[in-house]
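Heads up: the structure comes next, in structure tokens.
The values are calculated or read from the model by the stated rules, or taken from the named source; none is laboratory data. Quick caveat, the model's predicted, so the values are computed rather than measured. Cβ coordinates were reconstructed from backbone atoms using ideal geometry, including for glycine residues, and neighbour counts include every protein chain displayed.
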Amino acid sequence: MHVRAALIAALAVAGVSGCSVEAVKPWQKGTLARSEMNIEGAKPETRFDEHIYTSREAAAGGASVGGGGCGCN
Amino acid sequence: MKAIVWRQIAAAWFACLSGIASALDAGNQAPSFDIAGRGGDVKLADYRGKLVYVDFWASWCGPCKRSFPWMNQLQARFGQQGLQVVAVNLDAKRQDADQFLSTTPAEFVVGFNPNATVALAYGVKGMPSSVLVGPDGRVLFVHAGFLDSDKARLEEEISRNLPK
Amino acid sequence: MQLKAGRDGDDRNDSAGRAILMAALALPGLIGVAGAAHADSAPEQGSISLNYLDYRDWQPGLDRIKVHTPAIDVLAPVAGVWAVQASLVSDIISGASPRYHTAISGASSMSDHRVAEDVGLTRYFPQGTINAGFAHSGENDYQSRAFSFGGSLSTEDKNTTGHAGIGVSNDTINPVNQVVNDAKKHTLELMLGVTQILTQNDIVQADLGHVIEQGYLSDPYKFLDNRPDERSRNTLLLRWNHHFEGSDGTGRFSYRYYTDTWEIRAHTFAFEYVQPFSQGWTVTPSARYYTQSAASFYFDPDYDPNYGPPVPLGYVFGSVSSPDQRLSAFGAATLGLKVEKAVARDVQISFKFEQYEQRCDWRLFGSGSPGLAPLYARVLQLGIVKTW
């Protein structure tokens, strides 16, 4: 129930705000091309941090798909 | 209430997705431009009668960096037969472009268009983009991106349309 | 009483680790190493990255788990439209873990070595990508094999990209204490997401995840740990990167909402700020706050006066239960600092330090599970990346 509301909100924000301002042109993507602007972080660092958190907390994942089951329970 | 929200979201998305810049088609007159260069102004009109390869680039664009040595070769190989490469820079800051050129030499004409008016006029869709303009000023060919596999086809288009 | 053979289930497997690897493969353009390309086209450069993790955790009166992990990652573009990625990770784990709650007496000690490999392939098309990957992880009591497949599609201006992915894994568990033999666990993961470029300085992404796990889900090294044989999880992850023109720094914000069929609900807030300096230096402070509710079958350390610990009051033999601290209600905070330096053309080194603390009274939206000692962890990461 909450997830659905949050999804609608996320889509609405993404859709509406993306259109209410001028769409970003191809030549304006210099800053977006910087590595720190990539939504995913550096793979090795993300892997280490996520492994630690899934081993010590119940929540897992969210950013990814396909990894094995959790021996971390 | 809910139905209204969904319709508004859908309308916003549709408006977003369909708001694409109008493309330049082959056969249209290539829009003229007059921009600053490395030594004097760069005007498209000055190259009437030549086959002009207009390339849009920026310092942060990886494929652009790869295309420069190839464009140097083009200019060297086909310059005598009437080809002129004109690379239009779209960096907001001139120093970024100068930095790029100091490590990646350009042996062809370079113009600077920081407010991107030429890119808008040409409906640039990706970085880099290139437009082949015939000796009569008409657009022959529009291409976005730069893959190694594109080189052969681009060279063929160019050699087919050389004025001499 | 020290049980040499027993060990904590925590580090047996890298599901989330592999999940992230798969994500790295499933989500296009996920490279993050120096000089990497944006999501919509193949990377311009290849890279090789060597990393080392040094992890240590403890609670008052007991040093717990130590992990040393060297890892190597390689990325190579091929023919301008493919990217191949491969990693090799070696976890050297040792230490002690409570057999129930945070009880120091009877904590089992162990040492283990886990090796994990993964490979992935991405194909770039003008308006989208397709990817596939495989991962394997092996250690003395746990084997895992996973496959993933996914793709993305962008609008013509590439400001909006939708992506989807599916992952399947099969694990085999053979604990050294033999409470089960050749136990199986199957996992199916589904993900759907959208990335939106809002301005020249803003990019956001929303991801919905659904995971179904079936099979042996208990921790064989904990007393009275008998979990359901099924678990479904749902996540909503929202991320936003904002570049500040004034400072030339970038803020990276994320929020994750998590819920599962074991009645655990969790919220994760994370933030980091990337600040470049002259001479190729970059400093990135980071902070993370996490809170979770307890699993429905988690029991507090209220022990039966006749049987004594770990048997809880009113325990019914054979019922679903767990005394695992990780399924209790608590809050946790992390503070971190990363320093990076470009040392040569195309070579960058990095050093990251993080401090983590987990406490029942740091829980938000409810009370934490009583009677558990706080958990502390210290993380060091060293890395070097070379691009070509």
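Given the criterion modelled with pLDDT of 85 or more, part of a helix (DSSP H, G or I) and within 7 Å of chain C (Cβ to nearest Cβ), identify the matching residue among A:ILE39, A:ILE52.
After applying the criteria, what remains is A:ILE52.
Say we look at segment C:180-204 and pick out the residues that are facing chain A (nearest Cβ under 9 Å) and not in a strand (DSSP E or B); which of these is nearest to the chain's Cα centre (by Cα)?
Only one residue fits best here, namely C:ASN201.
With the structure loaded, tell me whether C:THR195 is closer than 22 Å to C:TYR221 by Cβ and buried (at least 24 other Cβ atoms within 10 Å of the Cβ) or whether it fails that test.
When the stated conditions are applied, C:THR195 does not pass them.
Every residue in segment C:139-168 that is farther than 30 Å from C:ASP112 by Cα and more than 7 Å from every other protein chain (Cβ to nearest Cβ), please. Show your work before the answer.
If we filter segment C:139-168 for residues that are farther than 30 Å from C:ASP112 by Cα, which is where we start, we get C:149-166.
Within segment C:139-168, C:PHE149, C:GLY151, C:SER152, C:LEU153, C:SER154, C:LYS158, C:THR161, C:GLY162, C:HIS163, C:ALA164 meet the criteria.
Somewhere in segment C:356-378, is a residue crowded, with 19+ Cβ neighbours inside 10 Å, within 12 Å of another protein chain (Cβ to nearest Cβ) and part of a helix (DSSP H, G or I)?
Within segment C:356-378 (the criterion being crowded, with 19+ Cβ neighbours inside 10 Å, within 12 Å of another protein chain (Cβ to nearest Cβ) and part of a helix (DSSP H, G or I)), the answer is no, since none of the residues qualifies.
Looking at segment B:77-96, is at least one residue surrounded by fewer than 21 Cβ atoms within 10 Å (Cβ to Cβ), closer than 29 Å to C:ALA79 by Cβ and touching a strand residue (DSSP E or B) at 6+ places or on another chain (Cβ under 9 Å)?
Taking every residue of segment B:77-96 in turn, at least one turns out to be surrounded by fewer than 21 Cβ atoms within 10 Å (Cβ to Cβ), closer than 29 Å to C:ALA79 by Cβ and touching a strand residue (DSSP E or B) at 6+ places or on another chain (Cβ under 9 Å).
So how many residues does segment C:90-110 have that are in a strand (DSSP E or B) and closer than 16 Å to C:ASN177 by Cα? Outline the logic, then answer.
Kept after step one, since they are in a strand (DSSP E or B), are these residues of segment C:90-110: C:90-97, C:108-110.
Remaining after also requiring closer than 16 Å to C:ASN177 by Cα: C:96-97, C:108-110.
Going through segment C:90-110 one residue at a time, the tally reaches 5.
Failed condition for C:VAL179, given (1) farther than 26 Å from C:SER90 by Cβ; (2) in contact with a helix residue (DSSP H, G or I) (Cβ under 7 Å, 6 or more places away or on another chain), with all others met?
C:VAL179 satisfies every listed condition except (2).
Residue pairs, Cβ under 8 Å, 6 or more apart or interchain, first in segment C:305-325 and touching a residue at least 12 places away in the same chain (Cβ under 8 Å), second loosely packed, with under 15 Cβ neighbours inside 10 Å and in a loop (DSSP other than H, G, I, E, B). List them.
What qualifies is C:VAL311/C:ASP304; C:PRO312/C:ASP302; C:PRO312/C:ASP304; C:TYR315/C:ASP304; C:TYR315/C:TYR307.
Given C:GLY138, C:GLY150, C:GLY165, which one is under 17 Å from C:ALA206 (Cα atoms), within 19 Å of the chain's Cα centre (by Cα) and of a type outside the set (Phe, Trp, Tyr)? Working first, answer last.
Numbers: C:GLY138 fails: under 17 Å from C:ALA206 (Cα atoms); C:GLY150 fails: within 19 Å of the chain's Cα centre (by Cα).
Sole residue among the options that is under 17 Å from C:ALA206 (Cα atoms), within 19 Å of the chain's Cα centre (by Cα) and of a type outside the set (Phe, Trp, Tyr): C:GLY165.
Residue by residue through segment B:30-40, note down the ones that are assigned to a strand (DSSP E or B) and touching a residue at least 24 places away in the same chain (Cβ under 8 Å).
Taking segment B:30-40 as the starting set, the residues that turn out to be assigned to a strand (DSSP E or B) are B:34-37.
Result: B:ILE35, B:ALA36, B:GLY37.
Suppose we filter C:ALA107, C:ALA206, C:ALA183, C:ALA135 for residues that are aliphatic (A, V, I, L, M), within 25 Å of C:VAL74 (Cβ to Cβ) and either buried (at least 20 other Cβ atoms within 10 Å of the Cβ) or touching a strand residue (DSSP E or B) at 6+ places or on another chain (Cβ under 9 Å) (or both); which single one remains?
Numbers: C:ALA107 fails: within 25 Å of C:VAL74 (Cβ to Cβ); C:ALA206 fails: within 25 Å of C:VAL74 (Cβ to Cβ); C:ALA183 fails: within 25 Å of C:VAL74 (Cβ to Cβ).
The unique qualifying residue is C:ALA135.
Output the residues belonging to segment B:70-94 that are away from chain C (no Cβ under 14 Å) and more than 20 Å from B:LYS43 (Cβ to Cβ).
Step one: of segment B:70-94, the residues away from chain C (no Cβ under 14 Å) are B:71-89, B:94.
Scanning segment B:70-94 gives B:ASN72, B:GLN73, B:LEU74, B:ALA76, B:ARG77, B:PHE78, B:GLN80, B:GLN81.
For segment B:89-103, check the following and say yes or no: at least one residue is of a type in the set (Gly, Ala, Ser), part of a strand (DSSP E or B) and modelled with pLDDT of 95 or more. Step through it out loud before you land on a result.
Taking segment B:89-103 as the starting set, the residues that turn out to be of a type in the set (Gly, Ala, Ser) are B:92, B:97, B:102.
Now narrow it down to the ones that are part of a strand (DSSP E or B): none.
Looking through segment B:89-103, none of the residues is of a type in the set (Gly, Ala, Ser), part of a strand (DSSP E or B) and modelled with pLDDT of 95 or more.
Restricting to segment B:113-133, and then to whatever is surrounded by fewer than 19 Cβ atoms within 10 Å (Cβ to Cβ) and touching a residue at least 60 places away in the same chain (Cβ under 8 Å), can you tell me which residue is farthest from A:THR31 (Cα to Cα)? Walk me through how you get there before you give the answer.
As a first pass, look at segment B:113-133 and keep what is surrounded by fewer than 19 Cβ atoms within 10 Å (Cβ to Cβ): B:114-115, B:117, B:120-121, B:123.
Still in the list and also touching a residue at least 60 places away in the same chain (Cβ under 8 Å): B:117, B:120-121, B:123.
Values: B:THR117: 20, B:LEU120: 19, B:ALA121: 23, B:GLY123: 21 Å.
Taking the candidates together, the pick is B:ALA121.
From the list C:ALA333, C:ALA342, C:ALA294, which residue is at pLDDT 95 or above and part of a loop (DSSP other than H, G, I, E, B)? Write out each step before concluding.
Values: C:ALA333 fails: part of a loop (DSSP other than H, G, I, E, B); C:ALA342 fails: part of a loop (DSSP other than H, G, I, E, B).
Sole residue among the options that is at pLDDT 95 or above and part of a loop (DSSP other than H, G, I, E, B): C:ALA294.
Anything in segment B:54-70 that is more than 21 Å from B:ASN115 (Cα to Cα), among the aromatic types (Phe, Trp, Tyr) and buried (at least 20 other Cβ atoms within 10 Å of the Cβ)? List them, or say none.
Of everything in segment B:54-70, just one residue is more than 21 Å from B:ASN115 (Cα to Cα), among the aromatic types (Phe, Trp, Tyr) and buried (at least 20 other Cβ atoms within 10 Å of the Cβ), namely B:PHE68.
Within the bounds of segment C:159-177, is there any residue that is in a loop (DSSP other than H, G, I, E, B), at pLDDT 95 or above and crowded, with 22+ Cβ neighbours inside 10 Å?
Yes, there is a match, as at least one residue in segment C:159-177 is in a loop (DSSP other than H, G, I, E, B), at pLDDT 95 or above and crowded, with 22+ Cβ neighbours inside 10 Å.
Count, please, the residues in segment B:117-134 that happen to be more than 14 Å from chain C (Cβ to nearest Cβ) and modelled with pLDDT under 95. First the steps, then the outcome.
Step one: list which residues in segment B:117-134 are more than 14 Å from chain C (Cβ to nearest Cβ), which gives B:117-118, B:121-122, B:130-134.
Pick out the ones that are also modelled with pLDDT under 95 and you get none.
Qualifying residue count, segment B:117-134: 0.
One residue is enough: does segment C:88-104 have a residue meeting the conditions on the phi > 0 side of the Ramachandran plot, of a type outside the set (Ser, Thr, Tyr) and within 13 Å of chain A (Cβ to nearest Cβ)?
Step one: list which residues in segment C:88-104 are on the phi > 0 side of the Ramachandran plot, which gives C:95, C:101.
Those still in the list that are of a type outside the set (Ser, Thr, Tyr) too: C:95, C:101.
Imposing the further condition that a residue be within 13 Å of chain A (Cβ to nearest Cβ) reduces the set to C:95.
Scanning segment C:88-104 turns up at least one residue that is on the phi > 0 side of the Ramachandran plot, of a type outside the set (Ser, Thr, Tyr) and within 13 Å of chain A (Cβ to nearest Cβ).
The conditions are (1) touching a residue at least 24 places away in the same chain (Cβ under 8 Å); (2) of a type outside the set (A, V, I, L, M, F, W, C); (3) surrounded by 15 or more Cβ atoms within 10 Å (Cβ to Cβ); (4) touching a strand residue (DSSP E or B) at 6+ places or on another chain (Cβ under 9 Å), and C:SER90 fails exactly one of them. Which is it?
Looking at each condition in turn, C:SER90 falls short on (3).
Take C:PRO301 and tell me if it is over 24 Å from C:THR235 (Cβ atoms) and part of a strand (DSSP E or B). Working first, answer last.
On the way: over 24 Å from C:THR235 (Cβ atoms): yes; part of a strand (DSSP E or B): no.
Criteria not met by C:PRO301.
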